Amino acid sequence: MIRQGFVEKNLRFLFPLPAVIFVVVLMVFPVGYTFFLSFTNWTLTSGRPLAVVRLASYIQVLKEPRFIEALGRTFYFTFAAVIAEMVLGTALALVLHRSFAGKNLMKTLLLLPLVATPVAIGIVFNLFYDPTIGILNYVLSVLGLPQSGWVSDAKTVMPSLIIVDIWQWTPMITIIVLAGLAGLSTEPYESAMVDGANSRQVLFRITLPMLMPTILTAVILRAIDALKTYDIIYSMTRGGPGYASENLNVLAFKYSFEYFRMGQSAVMLVFLFVIVMAFSLVVMRLRRAFEM
């Protein structure tokens, strides 16, 4: 009876408890442990015990040219890919929102890039990009255009990787925006028809402003994922040629599992975590501004 009374009195705490434990064990603890490691000099190959060095690892990482360059590539990759995906995904959603023959088939085909594994996509695109046997250079030669080194050239490797990301993730933006279009109120459109508004005015003054919260939600989800991109880059280039395609995730992986400098790798992941959080907060504030 006492035990049953305790459960009944504390249901509001006991029901969420499994979820709280899950979040603490699988999310809060890893993040907290990474923050702790970032203040240490832990190096697996040194033979020295782990010691807290405060900001020494941060200072050492900030002095590393590869870190600064990887940070720039992370921003470049994210902004170029997400902006292109937002524009193309919104345009595709507006087209698919209309009625036409083969509409359902088009929606099904859009899902194919999303269900493919990133490593498989990387292998296939490496075949496309191959300088000697790749289909893309063959098409360029048929058209009489200069051929490219694609991922084997330091000048073109990042745009080539961005193209792969756009191909894979534009459908996700399209699906989210399509869902937003389906939920729009019809009253503004009826008023616009009565007032004699043309299709361009309806698009830019009604549809897009009403869709903006949905688009920004898609941007948040996609940008967070793009900032953390690892699998496509590592499976296609491993950060090469040289260091030309290293982003923060790839560099942190190399520092951890190739150089065994765990403390400095944790510093890079802390920077990545702060960047993701800051970007998410900024876009969420923009979303609230459009909802008002």
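Brief remarks on what is shown
- Residue that is within 13 Å of the chain's Cα centre (by Cα), surrounded by 16 or more Cβ atoms within 10 Å (Cβ to Cβ) and modelled with pLDDT of 90 or more, where the choices are Leu269, Leu227, Leu211, Leu251: Leu227
- Count - residues of segment 65-81 that are more than 16 Å from Leu161 (Cα to Cα) and either in contact with a Ser or Thr (Cβ under 8 Å, 6 or more places away or on another chain) or without any contact (Cβ under 8 Å) to a residue 12 or more places away in the chain (or both): 2
- Odd one out for Ser245, checked against (1) touching a residue at least 12 places away in the same chain (Cβ under 8 Å); (2) assigned to a helix (DSSP H, G or I): (2)
- Selected residue (criterion: farthest from Asp165 (Cα to Cα)) from residues of segment 204-225 that are hydroxyl-bearing (Ser, Thr, Tyr) and in contact (Cβ under 8 Å) with a residue 60 or more places away in the chain: Thr207
- Restricted to helices (runs of 4 or more DSSP H) entirely inside segment 103-184, those with at least 1 residues that are hydrophobic (A, V, I, L, M, F, W, C) and surrounded by 20 or more Cβ atoms within 10 Å (Cβ to Cβ) are 118-129, 157-182.
- Residue ID - nearest to Leu286 (Cα to Cα), chosen from residues in segment 185-208 that are surrounded by fewer than 20 Cβ atoms within 10 Å (Cβ to Cβ) and of a type in the set (S, T, N, Q): Ser185
- When each of Ile220, Ile215, Ile206 is tested for being part of a helix (DSSP H, G or I) and touching a Pro at 6+ places or on another chain (Cβ under 6 Å), the lone residue that passes is Ile206.
- Beta carbons closer than 6 Å, at least 6 apart along the sequence or on distinct chains, pair a first residue in segment 268-292 that is farther than 27 Å from Phe257 by Cβ and among the charged types (D, E, K, R) with a second that is at pLDDT 85 or above and surrounded by 11 or more Cβ atoms within 10 Å (Cβ to Cβ) for Arg287/Pro213; Arg287/Leu216; Glu291/Pro213.
- Some residue of segment 82-92 being assigned to a helix (DSSP H, G or I) and either within 30 Å of Phe36 (Cα to Cα) or of a type in the set (Asp, Glu) (or both): yes
The values are calculated or read from the model by the stated rules, or taken from the named source; none is laboratory data. What you see is a predicted model; the values in this text were computed from it and never measured. Methodologically, a virtual Cβ is constructed for each residue, glycine included, from the backbone with ideal geometry; neighbour enumeration extends over all protein chains shown.
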